[in-house]
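S.K.: Below is one structure. I have some questions about it.
The values are calculated or read from the model by the stated rules, or taken from the named source; none is laboratory data. These figures come from a predicted structure and were not determined experimentally. FYI the Cβ positions are ideal-geometry reconstructions off the backbone, even for glycines, and counts take in every protein chain you see. The area values use the complete protein model at the heavy-atom level, side chains included, leaving out ligands, DNA and RNA. Shrake-Rupley method; radii C 1.70, N 1.55, O 1.52, S 1.80 Å.
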Protein chains: 2
Amino acid sequence: MAKKSYPLPRVYGLLEPGPVVLLTTAGAGKCNVMPMSWHSMLEFEPPRLGCVVSDRNHSYGLLASSGECVINIPTVDIAGKVVSCGNTSGLKTDKFREFGLTPRPAEDVRAPLIEECYASLECRVADTSMVATYAFFVLQVMKAWMDPAIKHPRTIHHRGRGTFMVAGETIRLRSKMK
Amino acid sequence: MAKKSYPLPRVYGLLEPGPVVLLTTAGAGKCNVMPMSWHSMLEFEPPRLGCVVSDRNHSYGLLASSGECVINIPTVDIAGKVVSCGNTSGLKTDKFREFGLTPRPAEDVRAPLIEECYASLECRVADTSMVATYAFFVLQVMKAWMDPAIKHPRTIHHRGRGTFMVAGETIRLRSKMK
């Protein structure tokens, strides 16, 4: 993917439609990746979002201790790899190697970008006050990357129990909203 | 829509794909409706979600004072009405009448279900600790309704500035996740 720097005030449009994302984290010379669907934008600018990373996930410890992650947005062409990442624990498996995902260095954080994803958001943990109750981390997007060739990304959206909706047609309506 | 009661443990599958929803609220003999995309599941069971309702919205006061709302999920056939609701303030306009949406009594809350939406979730505010900082309300779903005839709902997903992705094909993958 030929990802280029993407303006921070437009990041909400990548996450607001609710795609499954791949969260990457790093720590102690290792990195990990997990799929995640429980996320919401919280602020436009600086872009902040909240997401649930359960303490049953190996990524929880890496995210909590490093305070950094990357949110990578996959499309349907790697849906099989996304689900494989969710079926496996990073405690025992190097998921990048096992499932053929390519880590690339980020600019602002130690967690890697995933080459095969059309967009990647470098994030820092900004607020942990909801972690104890809901495992809900508030993240601030520090740097965003997007492949401008992908005009209508065929993102995947989890409907539960292995069923995914794939992004369909795009429509335009006269909205006064951002 | 012939909505029937829907099991609470399966509610996450309705919200996790990130659809634009219509939030209804009630208070002082009036009700209001606003579109919203900033929401995330927080817990499977009892189903809890978080959502951002800005204090610039007329719905904020109704939600905060009543502690109740309904989250209604529209499909593309009423996308024009959804956007019209977002372009208008409930302070001056009865949006139900103005845009031809039909309020129906809910069972557990005073806010109405919207007849034209294929699913409706009756919610109570469960936690306001993130409201001051992020206008983020934690809601618990008390009762859920869904039209079982709608197998592949053509939900709409906001990509920003009047652009919406419409739910496309459904795929199945061998996921071990819920």
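S.K.: Just to verify a number: FRET efficiency for B:Arg161 and A:Glu107, C-beta to C-beta distance, R0 = 22 Å, to 0.05?
M.R.: 0.25
S.K.: Continuing with the same structure: Per residue, how many Å² of accessible area does chain B show with a 1.4 Å probe?
M.R.: I get 41 Å² per residue for chain B.
S.K.: Moving on. Roughly to the nearest percent, how much of the accessible area of chain B is carbon and sulfur, given a 1.4 Å probe?
M.R.: 50
S.K.: Which chain B residue puts its Cβ closest to the axis that rotates B onto A, and at what distance in whole Å?
M.R.: Closest Cβ on chain B to the axis mapping it onto A, in Å: B:Gly18, 1.
S.K.: Hey, if you put +1 on the Cβ of every Lys and Arg and -1 on every Asp and Glu Cβ in chain A, which of A:Leu42, A:Cys117, A:Gly168 ends up farthest toward the positive end of that dipole?
M.R.: A:Gly168
S.K.: Quick one: compute the contact order of chain A, relative version, from alpha carbon pairs under 8 angstrom and 6+ residues apart, as a percent.
M.R.: Once normalised by length, the contact order is 27 percent.
S.K.: 7 Å along Cα→Cβ for the label point: how many nanometres lie between A:Pro7 and each equivalent label in the other copies, listed shortest first?
M.R.: 4.7
S.K.: Which shape class, rounded, prolate or oblate, goes with chain B when its Cα gyration tensor gives a ≥ b ≥ c as root eigenvalues, a/c under 1.5 marks rounded, and past that a/b bigger than b/c marks prolate?
M.R.: It comes out rounded by the Cα gyration axes.
S.K.: Taking the label point as lying 7 angstrom from Cα along the Cα-to-Cβ axis, what are the distances from B:Glu98 to the corresponding position in the remaining copies, in ascending order and in nanometres?
M.R.: 5.3
S.K.: Here's a follow-up. Among the lysines, select those whose C-alpha is under 29 Å from the C-alpha of B:Lys95, and discard any that sit fewer than 8 residues away in the same chain.
M.R.: A:Lys176, A:Lys178, B:Lys3, B:Lys4, B:Lys30, B:Lys81, B:Lys143, B:Lys151
S.K.: Applying 1/(1 + (r/R0)^6) with R0 = 41 Å to the Cβ-Cβ distance of A:Met177 and A:Lys30, what FRET efficiency is obtained, to the nearest 0.05?
M.R.: 0.50
S.K.: For the pair B and A, how large is the buried accessible area, both sides, in square angstrom to the nearest 100, if the probe is 1.4 Å?
M.R.: Accessible area lost upon association: around 5200 Å².
S.K.: Additional query: How high is the FRET efficiency between A:Ser129 and B:His152 when r is their beta carbon distance and R₀ equals 45 Å, given to the nearest 0.05?
M.R.: Result of the calculation: an efficiency of 0.70.
S.K.: Oh, and also: State, to one decimal in nm and shortest first, how far the label point of A:Thr133 sits from each corresponding label point in the other identical copies (label point: 7 angstrom along Cα-to-Cβ).
M.R.: 1.0
S.K.: Of B:Lys178, B:Lys3, A:Lys81, which has the most accessible area and how do the rest follow, probe 1.4 Å?
M.R.: Per-residue accessible area, sorted high to low, gives B:Lys178, A:Lys81, B:Lys3.
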